[in-house]
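Below: one structure, written as structure tokens.
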Amino acid sequence: MKCMVVYSSKTGNTKIIAEAIHKALPQDTELYPVENAPSSDHYDFIAVGGWVDKGMPDEAIQNYMQKIHKKSIGIFLTLGAYPDSQHAAESLQKACELLNDNTILGSFICQGKVDPKLIEMMAKMTKDKPEHPHAMNDERKARLAEAAKHPNDQDCRNAAETFKKMIEELKGQSNA
Ligand SMILES: Cc1cc2nc3c(=O)[nH]c(=O)nc-3n(C[C@H](O)[C@H](O)[C@H](O)COP(=O)(O)O)c2cc1C
């Protein structure tokens, strides 16, 4: 079974998760940043992941996802929001829609520290505008502080475990 991990990562969070998944998959699994990824045509299983931008998988990984057809897939995403939020569920849903003619075996999502430059820009933009959806209120500050701790070792173990199960399921299917 030929497997690869393809990821998009602007500030390194998703790369950490991609590497943890890569270690958990069979030894000959290939790992590519999306810029260098080959066509998915000759692979049996593709772990494909990116970071959430405006409630969607980022543009680079979206473009790649749209080129994958009729494959077994695992999705992974990192984001600033909480992983059990509606926003996280919708972001994953968008990824599933982009991969809609594939078999999605599972998914993994966790928080990732948000670029301080973006936080500063948002704080400036929403200064004196408490009603703004991105205003820097206590709830947002707490969420960003939590995101700043991720991805951590536990996230890496959880991602590895999730993807190991997918491969076992796939192997079970091909032996059946
Ligand atoms: C330009 C930009 C837009 C972002 N948009 C969102 C968003 O819509 N929702 C969210 O939960 N996180 C958002 N984030 C946070 C990132 O998804 C998060 O920090 C992610 O872990 C970054 O992954 P990377 O380090 O692999 O690039 C955004 C970050 C940036 C820089």
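Tabulated data
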| read-out | value |
| --- | --- |
| In order through the stretch 4-12: 3J(HN,Hα) via Karplus (6.51 cos²θ - 1.76 cosθ + 1.60), integer Hz, x for Gly, Pro | 9, 10, 10, 9, 10, 8, 8, 10, x |
| Residue-wise HN-Hα coupling along the stretch 132-144, computed from phi with Karplus coefficients 6.51, -1.76, 1.60 (Hz; x: Gly, Pro) | 4, x, 9, 4, 7, 8, 4, 4, 5, 4, 5, 5, 5 |
| Radius of gyration and maximum dimension Dmax of the stretch 1-126, Cα, Å | 14.5, 50 |
| Residues 41, 115, 128, sorted so that the one with the fewest Cβ neighbours within 10 Å comes first | 128, 41, 115 |
| Cross-link pairs beyond the 32 Å C-alpha cut-off, checked among 67/127; 124/164; 67/141; 67/113 | 67/127; 124/164; 67/141 |
| The chain - share of DSSP beta bridges that are antiparallel (%, nearest 5) | 10 percent |
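Quick note: the coordinates plus some simple rules give every number you see, no bench work behind them. Computed from a predicted structure; not experimentally measured. Here the Cβ is made from the backbone with ideal geometry for all residues, glycine too, and neighbour counts use every protein chain on show.
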